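These notes concern the structure reproduced below.
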Amino acid sequence: MAIVAGVRTPFTRAGTVLRSFSAIELGRLCVSELMERTELDGSLVEAVVYGTVVHSVLAPNIAREVALMPVLPKSVDAYTVSRACASSNQAITDAADQIALGHRDVVIAGGAESLSNVPILHSRGMSDALVAASRAKSLGGRLSALARIRPRDLVPVTPAIAEFTTGESMGQSAEKMAKINAIPREEQDQLALRSHRLAAVGTQDGRLTAEIAPVWVPPRYDVAVTSDNGIRSDTSIEALRQLKPVFDRRYGTVTAGNASPLTDGASAVLLMSEERARTLGYTPLAYIKSYAYAALDPGEQLLMGPVLAAPVALRRAGLGLADMDLIEMHEAFAAQVLCNLRGFESREWAERAGFREPLGEVDRSRLNVMGGSIAIGHPFGATGGRIVTTLANELARRGGQFGLLTVCAAGGLGHAMVIERE
Ligand SMILES: CC(C)(COP(=O)(O)OP(=O)(O)OC[C@H]1O[C@@H](n2cnc3c(N)ncnc32)[C@H](O)[C@@H]1OP(=O)(O)O)[C@@H](O)C(=O)NCCC(=O)NCCS
């Protein structure tokens, strides 16, 4: 499966410059830029597979809404996938599977998230009263249904970044993992600092911005956002050390500085069968060699999924960690990255994944070489597309052959993919 090209919107902190765009609009901007950049004839696109996490109640199949735009024919198949933070990875592997099966030759995959526009729901009591009022046959009936509303029913329900089964938030999970694996605060802050520094360099020298579709901002459309706005080129270890822990205020180590921020953004990747890419005259950026998903009990160490998925993806590729020229690991939290890296070195985790030997130590000079989600941001449904694109582009720039990417996700899920350049 050929990765022909990838593009994304700027990733911007929720509630800032892109707050007026819905996830659908961000997805459309991204996909139309992808079409423009690749000069692809829309009639050749057979499907759009798109991921999101916080679905719109009004338009739950975001893929179809994204596909229904002028550059694509109305006959393009489109469906939405959801796998928490690995949703766009799921979209990409679904597209790859469709191509491998011979069902499709040209598919656009990716994802979008607008955490500025999460649906706010009524409480159960409020919903019951509103439904009863709408069904009442008289004004009196309507009023008596509404009269049942209690002050506590007025409190709205917002989607939580927490496990449905355990109630534990992502941040609490990261905190727990940091404690179990004895990850010091200093190490987390150093990793966050590195993420910001490298992302700042990648932005200044244009490697990151080259992957970004400029977005003109309403209402005047006189300003274009061309880069991520969460990257702090001026942050320092001293500033990071001073931040207070958020999820365990007394004994915790996870802060706003060493966690990924809530973010808006979209990504899109163009995938083709090798043969179709060749016929159309494209030189693929890279090829998908293998991938794997894994899961563990979310009540345990929620974000360790990549430790179980990576060895399987590598075995499927017939390769080892040492063969990887670059590694992109999604940074939900610095604590999670450090736990995952320790997990790669652990015999116990290797055995849990079904292997005798651990993967080994990751060469840090090959890891997240343009920073990661802590600095760049993390629009849940879009991050996977960003990582695949960045890994493929950077492998090409460095003349490398193999790259590994991993993404942890809610529910105790993990994803890993190996990509290859010719
Ligand atoms: C951690 C979290 C709660 C912080 O939210 P927040 O308080 O709105 O974060 P802010 O950006 O306002 O940062 C808080 C403060 O830290 C400061 N700060 C953050 N990062 C910093 C850095 N790298 N250097 C210096 N200061 C920093 C901010 O400037 C801000 O300071 P202020 O209060 O003086 O303005 C939020 O980002 C979060 O929930 N992240 C996790 C998301 C998640 O769970 N994702 C799922 C992962 S898969």
When N counts the residues of segment 1-48, how does its alpha-carbon radius of gyration compare numerically with 2.2 N^0.38 Å, as a ratio? 1.34
Mind jotting down a quarter of the surface of the convex hull over the alpha carbons of segment 1-157, in square nanometres, one decimal? 12.3
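Using +1 on the beta carbon of Lys and Arg, -1 on that of Asp and Glu, and nothing else charged, what's the dipole of the chain about the Cα centre, debye to 20?
Here the size comes out at about 1340 debye.
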Note on segment 37-112: the mean projected area of its alpha-carbon convex hull, in nm², is 5.1
Sticking with the crude label model, points 7 Å out along Cα→Cβ, report the distance from Arg347 to Ala162 in nm, one decimal please. 4.0
Starting from segment 239-286, pick out the chymotrypsin sites (Phe, Trp or Tyr not before Pro) whose DSSP state is loop and whose Cβ has at most 13 other Cβ atoms within 10 Å. Tyr251
Length-normalised contact order of segment 24-123 in % [C-alpha pairs under 8 Å, at least 6 apart]: 35
Cα-based convex hull volume of segment 123-175 per residue, rounded to whole Å³: 81
Counting only protein heavy atoms and rolling a 1.4 Å probe, one gets per residue an accessible area for the chain in Å² of 42
A 1.4 Å probe over the protein heavy atoms gives the chain a carbon and sulfur accessible-area percentage of 53
Proximal charge balance of Glu113 [Cβ under 15 Å; K/R count +1, D/E count -1]: +2
Dipole magnitude (debye, nearest 20) for segment 10-148, charges at Cβ of Lys, Arg, Asp, Glu: 1100
Both in Å, the radius of gyration and Dmax of the C-alpha trace of segment 363-422 are 11.9, 36
So Tyr79 and Ala256, fully extended at 0.36 nm per residue minus their Cα-Cα distance, gain in nm 60.3 nm
Compute the signed sum of charges (Lys and Arg +1, Asp and Glu -1) over the other residues within less than 13 Å, Cβ to Cβ, of Asp153. +3
Calculated FRET efficiency, Val131 and Leu154, Cβ-Cβ r, R0 22 Å, to nearest 0.05? 0.85
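Sort the following peptides by mean Cβ neighbour count (other Cβ atoms within 10 Å, averaged over residues), highest first: 299-306, 157-164, 133-140, 333-340.
Values: 299-306: 24.4, 157-164: 13.2, 133-140: 10.4, 333-340: 28.5.
Packing proxy ranking, top to bottom: 333-340, 299-306, 157-164, 133-140.
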Two pseudo-spin positions, 7 Å from Cα along C-beta at Arg220 and at Leu139, lie apart in nanometres by 4.9
Leading residue at positive end of dipole, the chain (Cβ point charges), from Ala95, Leu395, Tyr251: Tyr251
Sorted by packing (mean other beta-carbon atoms within 10 Å per residue), highest first, where do 212-225, 314-327, 365-378 land? 365-378, 314-327, 212-225
What distance in nm lies between label points placed 7 Å from Cα along the C-beta direction at Thr16 and Arg356? 5.1
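Could you compute Rg(Cα) / (2.2 N^0.38 Å) for segment 177-257, with N its residue count?
Expressed relative to 2.2 N^0.38 Å, the Cα Rg reads 1.42.
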For n ≥ 4 DSSP H runs only, could you compute -39500 (n - 2.57) per run for the chain, divide by its residues and tell me the 222 nm figure to the nearest 500? -11000 deg cm²/dmol
Taking the chain and dividing mean pair separation by its residue count, relative contact order in percent (alpha carbons under 8 Å, at least six apart): 26
Could you tell me, in Å, what Rg and Dmax come out for the Cα atoms of the chain? 22.0, 75
Relative contact order (percent) for segment 198-271, with alpha-carbon contacts under 8 angstrom and 6 or more residues of separation? 17
Pairwise Cα inverse-distance average, inverted: Kirkwood Rh of segment 95-203 (Å): 19.9
Candidates His122, His55, His103: whichever shows maximal mean-square fluctuation once the chain is modelled as a Gaussian network with Cα springs under 10 Å: His122
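The values are calculated or read from the model by the stated rules, or taken from the named source; none is laboratory data. The structure presented is a predicted model; accordingly, all values stated were derived computationally and were not measured. In this analysis, Cβ positions are derived from the backbone assuming ideal geometry, glycine residues included, and neighbour counts consider all displayed protein chains. Quick note on the areas: whole protein, heavy atoms, side chains included, nothing else; ligands and nucleic acids left out. Shrake-Rupley method; radii C 1.70, N 1.55, O 1.52, S 1.80 Å.
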